[in-house]
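Working notes, structure below.
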Amino acid sequence: YKNNHCPHCAYQFIYPKSPDIAKTFFDLVVLDEIQKTKNKTTGQTKAVRNIHSNYKWGLTGTPLENSIEDLITICNTIQPGIFNNVNTFDNKAVVQAYKPIFKRRKKEDVLTDLPPKITKEVWLELSPSQRDKYHKAETE
């Protein structure tokens, strides 16, 4: 890592090498697909949390609001201790705590030059065999 100012690796490579990575200090760590760290008990999440840096950014296209526990784990990965003085059973308190580190961008706000989405439904006829299997599955 010494000669590489901007190392890059996938999550699956962090876990086996975590002792080496944990010895290195980074100024900035960008965690793409941060939702992969939503389970605090996995080795992968523990390894990512052992990376030392001044700053950690987490990027995702997946909504973080799947569960409050996932959100808390992800935010603690980015900024450890963010919920130390927060009642994590109070959803409003959790939202207030993570707002300063959270930036939500919506497609319509960012991609203003794209035309509106066009949806076209196409109906296909089932073959007799497909239709029989469909009706059988529907009644089971």
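The values are calculated or read from the model by the stated rules, or taken from the named source; none is laboratory data. Just so you know, these numbers come straight off a predicted model, no measurement behind them. Every residue, glycine among them, receives a Cβ derived from its backbone with ideal geometry; neighbour counts consider all protein chains shown. What goes into the accessible areas is simple: the full protein's heavy atoms, side chains included, and nothing from ligands, DNA or RNA. Shrake-Rupley method; radii C 1.70, N 1.55, O 1.52, S 1.80 Å.
Descriptive notes on the structure:
- Pairs with Cβ under 9 Å, 6+ apart, first in region 30-49 and open to solvent by 50 Å² or more (accessible area, probe 1.4 Å), second polar (S, T, N, Q) and not in a helix (DSSP H, G or I): Asp32/Thr60; Glu33/Thr60; Glu33/Thr62; Lys36/Thr42; Lys36/Thr60; Lys38/Ser67
- The test for being open to solvent by less than 70 Å² (accessible area, probe 1.4 Å), outside any loop (DSSP other than H, G, I, E, B) and closer than 30 Å to Phe25 by Cβ holds for Thr73.
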